[in-house]
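Worksheet: one structure, shown below.
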Amino acid sequence: MGGVDRIAEPWGTRVGYGAGERWPVRVDQRLDDGLTSGDVDKWVQSAAILHSNGDGLDIAVKDGRIVGVRGRAIDRVNHGRLGPKDLFGYQANNSPDRLTTPLVRRDGQLVETDWETAMALVAGRTKELLAERGPSSIGFYTTGQLFLEEYYTLALIGHGGIGTNHLDGNTRLCTATAAAALKESFACDGQPGSYTDVDHADVIALYGHNMAETQTVLWSRILDRLAGPNPPKIVCVDPRRTPVAEAATIHLAPKPGTNVAIMNAILHELIENDWADHEYVDQHTVGYDELAKQVAGCDPDWAATICDVPAGDIRDAARLLGTAERLLSTVLQGFYQSHQATAAAVQVNNVNLIRGMLGRPGCGILQMNGQPTAQNTRECGADGDLPGFRNWSNDDQVADLARIWNIDPMQIPHYSEPTHLMQMLRYVEDGSVRFLYVSGTNPAVSLPELSRIRKLLSQERLFLVVQDIFRSETAELADVVLPAATWGEKTGTFTNVDRTVHLSDQAVEPPGDARADLDIFLDYARRLELKDKDGQPLVKWTDAEGAFEAWKECSAGRPCDYSGLSYQKLRGGSGIQWPCNAEHPDGTERIYVDGEFWSAPSYCESYGKDLVTGAPLEPVEYKAMNPSGKAVLKAAEYLPMHEPTTPEYPYLLTTGRTLYHFHTRTKTGRVRQLQDAAPEVWVEMSAYDAELHGWGEGDLLRVRTPRGSVEARLRISGIRPSTLFLPFHYGYWDAPDKAPGQNDVPGRAANELTVTDWDPCSKQPLFKCAAARVERIAVGDGPSAAPTTTASRPASGAAVPPTRGGKSAEVVEDVIAPGSTERASAGGAERRRPSGRVGMADAEGGV
């Protein structure tokens, strides 16, 4: 079988299929150079860990080492397909610079020690602070990349044992707005849609969602629909000319920070043209009259002046949405990390609700996640929620959680909603939080206004614990560093965007003395001597499966019901969607069927918030508004952004991801194929702006905001005018010479520039609307190293070498043609559109 360069062709081979048909199978496999399937000692079940799609895969093991992966043909999520990070990312496990022994700070330096010494310090400092200052001096900041079992254990330790309200995850930076928007519209978290809605939709709308780079396999599914008969129409809202925009029937490129204006104009058109399902609205929603009143004056001409988008394009997009028979809507960081984040995402929910597009094939909403286990962080109560989607302001639900944990309800802090990260950092800054336990995340690169973050984390009065697999920029600031095992080296479950639960079995042993995060948390709990009200250990399990069984009890009867699942049921086949219980033993593909919501006042997870101030609604207010438990159509007024452009700072800076990297590159930066595809930070600017300045491709620019500066080479791309883009992945672990120093040496981390500001409802930081200025500091001697296969593709006419991976990036693709039982290699007749790109004519069904 021939190989396909999956760096050059990220989405792989096209196998077109039509509406209502099953997505054909294509099994992708990649093994270390020189190995074949016959060389593999065993294949171990797992799923992808470097994005949120949840691609089912098997891990290849030889001589106790991970040597490759292959997609699981039977899995409902990916039908055997894998993306570039899936295919090559496993190599980070084998990196020679993995953390393998605990480190402690001695005389200002991190030195190796043993587990007993390290954990005695961690537990000892916790006990000291509990005695001196109480639970509110302790904070936990976790990730979206651990397993469900680990989050649930951490939530029990933090909320139920220590009794602190300061427990959050880096999902706060990623998809806190997804959860907030779902709570505002449906009074509960949980995705209404299913990936199979792609198979049925005739219109797919992507709002601030560059799916082609963030969920490559899901985008492959859409590309295969576009390559088949009766393809769906695509609506894209994004300021950059992404691959999604190139495939779109209508591409709206609004000015960053104006998403609410463009959504209100779309809703105005839907209502004005009577593209509403009034029967559905009347029976299953509240708030329609208020919404109609709010958007009455928000016509496309009004929005055009705010968003700098042609009014005719807004009308055309609204017509597609308003006349769709089956509408699937997806949302991601372009909305979540921008001004009025929750308000904008809620308006997307409103589009589907007033059109009655929920609960049936092709009709759904995916308020997307960005991380593989972000959904579990939220379900288990490790990121500003209570476990099982319980409502912190409902005393009965808090009492029910206390019953399960066998503790007094007053031991669970619920005097206010759990503390979000940005507020926790305020507490670190003012000295009330003295202990911060960071697991699986790198805030010294990923948080806004990094100069401030470095000062906070470096305070002598703060005891900083970092639990990770590499010596990240954050680990370098820690008092204790704990070496953790990662994916493939431990067992646990994780849940993707459309509620599909996968089991990941341990394939190999962790390196050196590294331990599974669960084992570290269990050791921590034991040393703290946490007890229930009968004097028994608070944490009663000793392994991952025991934690899963305990979680099943906690989730039973709640929306995210896992009670019908087991490790045995999850082994050997596909992932299964929650709720899975006695009523739905095989899982549940779509929720909110026939307008049945989880929004009854006594049951709902949240009573909602004011979209402008973020103030929580009181239970009596919610009950008066929504006594029958319907969906809520919540209106939002457009408000100007907090940091507008000025003559001194005339550009709007937005940040984001590239296809080839994940977060701060602690893993992907150590994978040759991925790092070579995107080796250095770059800055994107439109051809119009570059010509205005007289700058060329590859020129070295300095981008500055009131908070700092970054130096990067110029990529002249398809981004909208007056807008700059920086990928946020690039920290300093592999380039310490480029780190900012005492003399204000410009760095390369985009978050040197971003603002300390957050959405009032979701508390998600605003990474996508900072005022900036830019200057050229050197003429380029060649093009920037930005990828040419993605949204950073150079504008037409630029002489830039194409991004290629070469022989080391070749992957075997085993395609099963539609209606056939015979396999064909990727070079066979079923191969179409090798680049995965689909132009306007293709989206229209043309040639």
If Glu379 meets every condition in (1) in contact (Cβ under 8 Å) with a residue 40 or more places away in the chain; (2) of a type in the set (Asp, Glu); (3) part of a loop (DSSP other than H, G, I, E, B) apart from one, which number is that one?
(3)
Condition broken by Val501, with the remaining ones in (1) assigned to a loop (DSSP other than H, G, I, E, B); (2) over 25 Å from Gly614 (Cβ atoms) satisfied
(1)
In the stretch 316-338, what residues are within 12 Å of Ile262 (Cβ to Cβ) and either in contact with a Pro (Cβ under 8 Å, 6 or more places away or on another chain) or not assigned by TED's automatic domain parsing to the domain that holds Val203 (or both)?
Ala318, Gly334, Ser338
Index of the failed condition, Gln45 passing every other in (1) modelled with pLDDT of 95 or more; (2) polar (S, T, N, Q); (3) within 21 Å of Leu674 (Cα to Cα):
(3)
So which residues in the stretch 428-474 are assigned to a strand (DSSP E or B), among the aromatic types (Phe, Trp, Tyr) and either more than 23 Å from Ala155 (Cβ to Cβ) or in contact with a Gly (Cβ under 9 Å, 6 or more places away or on another chain) (or both), if there are any at all?
Phe435, Tyr437
Within the stretch 565-597, the residues that are more than 25 Å from Asn394 (Cβ to Cβ), in a loop (DSSP other than H, G, I, E, B), of a type outside the set (D, E, K, R) and in contact with an Asp or Glu (Cβ under 9 Å, 6 or more places away or on another chain) are Ser566, Gly573, Ser574, Gly575
Against the condition more than 21 Å from Ala48 (Cα to Cα) and either touching a residue at least 12 places away in the same chain (Cβ under 8 Å) or of a type in the set (Asp, Glu) (or both), how does Ala544 come out, does it pass?
no
Condition first: buried (at least 24 other Cβ atoms within 10 Å of the Cβ) and within 30 Å of Met263 (Cα to Cα). Can you find one or more residues in the stretch 390-412 that meet it?
yes
If you go through the stretch 598-625 one residue at a time, how many are assigned to a loop (DSSP other than H, G, I, E, B) and over 19 Å from Asp395 (Cβ atoms)?
6
When you check Phe435 against the structure, is it of a type in the set (Phe, Trp, Tyr), surrounded by 24 or more Cβ atoms within 10 Å (Cβ to Cβ) and under 22 Å from Asp55 (Cβ atoms), yes or no?
no
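Residue-by-condition table, conditions (1) of a type in the set (S, T, N, Q); (2) at pLDDT below 95; (3) in contact with a Cys (Cβ under 8 Å, 6 or more places away or on another chain):
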position	(1), (2), (3)
Ala771	no, no, no
Val774	no, no, no
Ser784	yes, no, no
Gly797	no, yes, no
Glu810	no, no, no
Ala824	no, yes, no
Gly827	no, yes, no
State all residues of the stretch 673-714 that are of a type in the set (Ser, Thr, Tyr) and either surrounded by 17 or more Cβ atoms within 10 Å (Cβ to Cβ) or within 25 Å of the chain's Cα centre (by Cα) (or both); if no residue qualifies, say none.
Ser686, Thr705, Ser709
Answer from Leu386, Leu328, Leu353 - the residue that is over 15 Å from the mean Cα position of the chain (by Cα), more than 17 Å from Ala180 (Cβ to Cβ) and hydrophobic (A, V, I, L, M, F, W, C):
Leu328
So which of Gln397, Gln411 is out of contact with any Cys (no Cβ under 9 Å at 6 or more places or on another chain) and free of Cβ contacts under 8 Å to residues at least 60 places away in the same chain?
Gln397
Of the conditions (1) closer than 25 Å to Lys763 by Cβ; (2) over 18 Å from the mean Cα position of the chain (by Cα), Thr377 clears all except one; give me its number.
(2)
Of all residues in the stretch 352-380, count the ones that are of a type in the set (Gly, Ala, Ser), at pLDDT 95 or above and surrounded by 24 or more Cβ atoms within 10 Å (Cβ to Cβ).
2
For Lys763, only one of the following conditions fails: (1) crowded, with 21+ Cβ neighbours inside 10 Å; (2) not in a loop (DSSP other than H, G, I, E, B). What is its number?
(2)
Which listed residue is part of a helix (DSSP H, G or I) and either surrounded by fewer than 16 Cβ atoms within 10 Å (Cβ to Cβ) or among the aliphatic types (A, V, I, L, M) (or both), from Glu545, Glu553:
Glu553
Considering each of Ala507, Ala484, Ala478 in turn, give the residue that is crowded, with 21+ Cβ neighbours inside 10 Å, of a type in the set (Gly, Ala, Ser), at pLDDT 95 or above and within 26 Å of Leu538 (Cα to Cα).
Ala484
Among the residues of the stretch 284-314, write down those that are buried (at least 16 other Cβ atoms within 10 Å of the Cβ), farther than 21 Å from Lys255 by Cα and touching a residue at least 60 places away in the same chain (Cβ under 8 Å).
His284, Thr285, Val286, Gly287, Tyr288, Leu291, Gln294
Every residue from the stretch 598-628 that is buried (at least 16 other Cβ atoms within 10 Å of the Cβ), of a type in the set (A, V, I, L, M, F, W, C) and without any contact (Cβ under 8 Å) to a residue 40 or more places away in the chain
Leu617
Mind counting the residues in the stretch 83-117 that are assigned to a helix (DSSP H, G or I), buried (at least 22 other Cβ atoms within 10 Å of the Cβ) and not aromatic (Phe, Trp, Tyr)?
7
Please indicate, with yes or no, whether at least one residue in the stretch 553-567 is among the hydroxyl-bearing types (Ser, Thr, Tyr) and under 16 Å from Gly190 (Cα atoms).
yes
If a residue has to be closer than 21 Å to Pro232 by Cα and of a type in the set (Asp, Glu) to count, how many in the stretch 292-336 make the cut?
3
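Yes/no per residue for (1) assigned to a loop (DSSP other than H, G, I, E, B); (2) more than 19 Å from the chain's Cα centre (by Cα); (3) touching a residue at least 12 places away in the same chain (Cβ under 8 Å):
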site: Tyr732; (1), (2), (3): yes, yes, yes
site: Val755; (1), (2), (3): yes, yes, yes
site: Lys768; (1), (2), (3): yes, no, yes
site: Ile777; (1), (2), (3): no, yes, yes
site: Arg793; (1), (2), (3): yes, yes, yes
site: Ser796; (1), (2), (3): yes, yes, no
Which residue pairs have Cβ atoms under 9 Å apart, sit 6 or more places apart or on different chains, and have a first residue in the stretch 216-245 that is without any contact (Cβ under 8 Å) to a residue 60 or more places away in the chain and a second that is of a type in the set (Phe, Trp, Tyr) and in a helix (DSSP H, G or I)?
Val244/Trp219
Among the numbered criteria (1) in contact with a Ser or Thr (Cβ under 9 Å, 6 or more places away or on another chain); (2) over 22 Å from Ile204 (Cα atoms); (3) in a helix (DSSP H, G or I), which one does Gly257 miss?
(3)
Out of (1) over 28 Å from Pro413 (Cβ atoms); (2) surrounded by 24 or more Cβ atoms within 10 Å (Cβ to Cβ); (3) among the polar types (S, T, N, Q), the one Thr323 does not meet is (2)
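The values are calculated or read from the model by the stated rules, or taken from the named source; none is laboratory data. None of these values were measured; they are calculated from a predicted model. Backbone-built Cβ (ideal geometry, glycine too); neighbour counts: all protein chains shown.
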